[in-house]
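Here is the structure we will look at, set down as structure tokens.
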Amino acid sequence: MSSAQDPRRSRGFEAEGQAAEWLERCGFEVLRRNWKLPRTTVQSATEIDILARRGGVAWVVEVKSARCVGHEVTELLSQSQRRRLYQAALTLSQGRLGRVRVALLWVHASAEGTCHFEWLENP
């Protein structure tokens, strides 16, 4: 099955779109989506789901979608994912972005079909 046909990947792209819209409604400016940072000597290539800004802070946002309930939001990120996100934030903070923080945005649909968002800073 190609990645274009993978239902998880399709769900992920849909969740990222919903997350970007939600962030904009919350006053964020979405700067980039699915941004691939190049490989460096200290980290492998990294894709940032959403890079957004609100006020003087830029946010590296990891978007997760999960159908199952009962998960703790923090369980949705592995240690290696956390390291990758924080390394990306550190790299970006040394550039023009200034202050950069990391957040996890969990997008989940209820049984009624409505979308709910859970924002977790510094996961």
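The values are calculated or read from the model by the stated rules, or taken from the named source; none is laboratory data. Everything numeric here is computed off the predicted structure, so don't read it as measured data. For neighbour counting, all protein chains shown are included, and Cβ atoms are generated from backbone atoms with ideal geometry for every residue, glycine included.
Just so you know, in the stretch 78-123 the residues that are more than 15 Å from Ala15 (Cβ to Cβ) and among the acidic types (Asp, Glu) include one that is surrounded by the most Cβ atoms within 10 Å (Cβ to Cβ), and it is Glu121. Pairs are defined by a Cβ separation below 7 Å, a sequence spacing of at least 6 or placement on different chains, a first member in the stretch 2-30 that is under 15 Å from Val107 (Cβ atoms), and a second member that is at pLDDT below 85 and part of a loop (DSSP other than H, G, I, E, B); the pairs so defined are Arg9/Ser3.
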